[in-house]
Amino acid sequence: MQTVFPAFDAAYWRARYATPGRAGWDAGRATPPLRAYFDQLAVASQPRILIPGAGRAYEAEYLHRRGFRHVVVADLAPEPLAALAGRVPDFPAENLWLADFFALDPAEKFDLIIEQTFFCAIDPSQRPAYARQCAALLRPGGKVVGLLFDTEFAGASEPPFGGSRAEYAAYFAPYFEFIHFETAYNSLTARAGRELFICLQKL
């Protein structure tokens, strides 16, 4: 029988951000695998980048400080967006979206979607829809790049939720070519051996 989870809606996330100790996935900075990827992106190309379920959006901060000017962050709760605005006062306010990723208009096309602890924060039943929405929001040849937990969190009743690379591959295979889909070699120590680095290109 499929587990039925409570609604992980805006109210849930607002309460969770307001409760000390309930953001254990928050690394406090952009993680090494993503920093390494960002460092090889050409700033001159100025891709349009979406970071869904961005949380405190350290990845957006890192990209912005490197000179990327078309980074959009989306989150259900206003608190993490306000945290980014506070840390980075010149981050464009119009690129802070209080929005549901699954309700974003597919006409909003992006070159790159960054995945960092959003996939593990949604109800696992939404994972097929996540892959489908990523494909809908990307321009032809666009990419999803990021990290997925390659481990199970036994008995988890709320995020983060784990899984396996075989499970994940089934969601993305209809829409993407797998450029990288392997254990990250430069994870944070606490996550070493338990993360997949993915780079998937829209078919």
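The values are calculated or read from the model by the stated rules, or taken from the named source; none is laboratory data. Here the structure is a predicted model, which is why all the values come from computation and not from measurement. Neighbour counts are summed over all protein chains in view; Cβ atoms, including those assigned to glycine, are modelled from backbone coordinates with ideal geometry.
May I ask you to verify whether GLU177 is crowded, with 18+ Cβ neighbours inside 10 Å and assigned to a strand (DSSP E or B)? For GLU177, the condition - crowded, with 18+ Cβ neighbours inside 10 Å and assigned to a strand (DSSP E or B) - is not met. Of the numbered criteria (1) more than 25 Å from LEU138 (Cβ to Cβ); (2) of a type outside the set (A, V, I, L, M); (3) surrounded by 14 or more Cβ atoms within 10 Å (Cβ to Cβ); (4) at pLDDT 95 or above, the one ASP90 fails is (3).
Which one is farthest from the chain's Cα centre (by Cα), of the residues in the range 50-80 that are assigned to a helix (DSSP H, G or I), without any contact (Cβ under 8 Å) to a residue 60 or more places away in the chain and surrounded by fewer than 24 Cβ atoms within 10 Å (Cβ to Cβ)?
Step by step, filter the range 50-80, then rank; the result is ARG65.
Candidates PHE91, PHE101: the one that is within 13 Å of the chain's Cα centre (by Cα) and not acidic (Asp, Glu) is PHE101.
Quick one: in the range 104-154, of everything that is among the aromatic types (Phe, Trp, Tyr) and assigned to a strand (DSSP E or B), which residue is nearest to the chain's Cα centre (by Cα)?
Selected residue: PHE149.
A count restricted to the range 29-40 and to residues that are buried (at least 16 other Cβ atoms within 10 Å of the Cβ) and either of a type in the set (Asp, Glu) or not in a helix (DSSP H, G or I) (or both) stands at 2.
Taken over the range 56-115, the criterion of being closer than 23 Å to LEU147 by Cβ and of a type in the set (Lys, Arg) is satisfied by ARG56, ARG65, ARG66, ARG87. Take the range 90-103 and flag every residue that is closer than 13 Å to ALA74 by Cβ and not in a loop (DSSP other than H, G, I, E, B). If the condition is that a residue be closer than 13 Å to ALA74 by Cβ and not in a loop (DSSP other than H, G, I, E, B), then GLU94, ASN95, LEU96, TRP97, LEU98, PHE101, PHE102, ALA103 are the ones that fit. On the given criteria, is TYR62 closer than 16 Å to ALA27 by Cβ, at pLDDT 95 or above and aromatic (Phe, Trp, Tyr)? Considered against the rule, which asks whether it is closer than 16 Å to ALA27 by Cβ, at pLDDT 95 or above and aromatic (Phe, Trp, Tyr), TYR62 comes out as yes.
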